[in-house]
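See below for the structure under consideration.
The values are calculated or read from the model by the stated rules, or taken from the named source; none is laboratory data. This structure is a prediction, so every number in the text was calculated from the model and none was measured. Reconstructed Cβ throughout: ideal geometry from the backbone, glycine too, with neighbour counts over all protein chains shown. Each accessible area value is taken on the protein alone, full model and side chains, heavy atoms only, with ligands, DNA and RNA left out. Shrake-Rupley method; radii C 1.70, N 1.55, O 1.52, S 1.80 Å.
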Amino acid sequence: MGKLTIGCFSSLVGSLSLDFAVKLSEAAIQKGHSVDLWVSGNATMLSKKGQKAFKDYSALAKKVEGLMSAGNLHVTACESCAEARGYHEDDTMEGVKRAGGDWYLASSFSADRFLHIGGD
Amino acid sequence: MATRKLGFMVSTLPYKIEGSRLAMTHAIASQSVGIYLEDGDMVEPVVCFIGDGVFNCIKNQQSMKHYGITSLAQHIKNSLLLDLTVLICKEDVDKFGLNEDALIMDAEDMGGKTKAKIVPFSEIRRVMESVDHLLFN
């Protein structure tokens, strides 16, 4: 089975691009693929623990935690993007790694398919 | 030993959103990607400024003065200093009434030898077709 690398810069609240990225990850995993999900910029907030689900906003924490615990979703957050937002190591959702942008480029190296969602 | 080419397409305005800054910092991160790869493997970024993205290349940006943050011009100079390929779309430069004199074309003041190039969109399209992965920002 293949490996899909997805990178996203879009915010958890205010954009549905992350929602799309997580749904795509889930669909790929259901087909037996593995997914590396890189969250950078405002997208780092996807990987912050303690998110409260409101019906007005995308609430992806449970889904992401479930996919990670099943083993085929690997989420890595941009460390400097997180720190700049006051989101520290202790605030990180269990199972999420923190790294620099070079981790993302390295993941793209071995990806069978690659999707980058830039913008805001 | 293998090389994967990554095409960073920057079409967003500077400062309005973080997109162009993230594109450049990720492209620059290619310099340290080796710690994650096998010996001899590498990634090679190409940074292309298209559409509104060409405004990232304007000289004399005063972001430190006004926002207290590093300028996108500085990131372009850092990219050139690292010998990354930087292409700027000619049609968009012309469309906005800009010219080479108004844009960051080199990092000579920092000792860099690599220069940015203003090229027709057809050349940028060739880059898009030749890279392994495209990253629109």
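Helical content alone sets the calculated 222 nm signal of chain A at -9500 deg cm²/dmol, taking -39,500 (n - 2.57) per DSSP H segment of four or more residues and averaging over every residue.
Averaged over the residues of B:125-137, the number of partner chain Cβ atoms lying within 10 Å of the residue Cβ comes to 3. Which listed residue (A:CYS81, A:GLY101, A:TRP38) has the Cα farthest towards the positive end of the charge dipole for the range A:1-114, taking +1 on Lys and Arg C-beta and -1 on Asp and Glu C-beta about the Cα centre? The Cα lying farthest towards the positive end belongs to A:TRP38.
The charge dipole of the range A:32-118, taken about its Cα centre with unit charges on the Cβ atoms of Lys, Arg (+1), Asp and Glu (-1) only, comes to about 360 debye. Surface composition of chain B: carbon plus sulfur atoms contribute 51% of the solvent-accessible area (1.4 Å probe, protein chains only, all chains present). Label point of A:LYS52 set 7 angstrom out along Cα-Cβ; within the range A:77-97, amide nitrogens under 20 Å from it belong to A:86-88, A:91-94. Per-residue shielding of A:37-43, expressed as the average number of other chain Cβ atoms within 10 Å of the residue Cβ, stands at 2.
Farthest toward the positive end of the dipole of the range B:24-81, out of B:ILE50, B:LEU72, B:HIS26, is the Cα of B:LEU72, where the dipole comes from beta carbon charges about the Cα centre. Counting only protein chain heavy atoms and rolling a 1.4 Å probe, the accessible areas of B:ILE58, B:ILE76 rank, largest first, as B:ILE58, B:ILE76. Separation of the range B:1-23 and the range A:21-68, taken as the distance between their Cα centroids, equals 23 angstrom. Take B:ASP101: with every protein chain present and a 1.4 Å probe, its accessible area is about 120 Å². Annotation note: chymotrypsin sites (Phe, Trp or Tyr not before Pro) in the range A:26-60 located in DSSP loop regions with a Cβ neighbour count of at most 13 within 10 Å are A:PHE54, A:TYR57.
Taken about its Cα centre, the protein assembly as shown carries a charge dipole of about 580 debye when Lys and Arg each add +1 at the Cβ and Asp and Glu each add -1 at the Cβ.
Magnitude of the charge dipole for the range B:12-115, about its Cα centre and with charges confined to Cβ atoms of Lys, Arg (+1) and Asp, Glu (-1), is about 480 debye. What the range B:51-126 shows is 55 Å² of accessible area per residue, with the surface traced by a 1.4 Å probe over protein heavy atoms. Per residue, the convex hull spanned by the alpha carbons of chain B comes to 112 Å³.
Quick one: if you stick a label point 7 Å off each Cα along the C-beta vector at B:PHE96 and B:LYS115, how many nm between them? A separation of 2.1 nm, rounded to one decimal place.
Within straight-line reach of A:LYS63, meaning a Cα separation under 28 Å, sit the following lysines at least 8 residues removed in sequence or on another chain: A:LYS3, A:LYS23, A:LYS31, A:LYS48, A:LYS49, A:LYS52, A:LYS55, A:LYS97. Take each residue in B:12-22, count the other chain C-beta atoms within 10 Å of its C-beta, and the mean is 4. Among the trypsin sites (Lys or Arg not before Pro) found in the range B:90-132, those both in a DSSP coil and sparsely packed, with 11 or fewer other Cβ atoms within 10 Å of their Cβ, are B:LYS113. Kindly provide the chymotrypsin sites (Phe, Trp or Tyr not before Pro) of the range B:1-100 that DSSP labels as loop, not H, G, I, E or B, and whose Cβ sees at most 15 other Cβ atoms within 10 Å. Loop-located and lightly packed - B:TYR67, B:PHE96.
A cut-off under 14 angstrom between Cβ atoms defines the neighbours of B:ILE104, and their net charge, with Lys, Arg +1 and Asp, Glu -1, is -1. When exposed loop sites are taken as trypsin sites (Lys or Arg not before Pro) in a DSSP loop with at most 16 other Cβ atoms within 10 Å, the longest stretch of chain A clear of them is A:86-120. Taking 25 °C and 0.890 mPa s as conditions, the protein assembly as shown diffuses translationally at an estimated 130 µm²/s according to Stokes-Einstein applied to its Kirkwood radius (Cα pairs).
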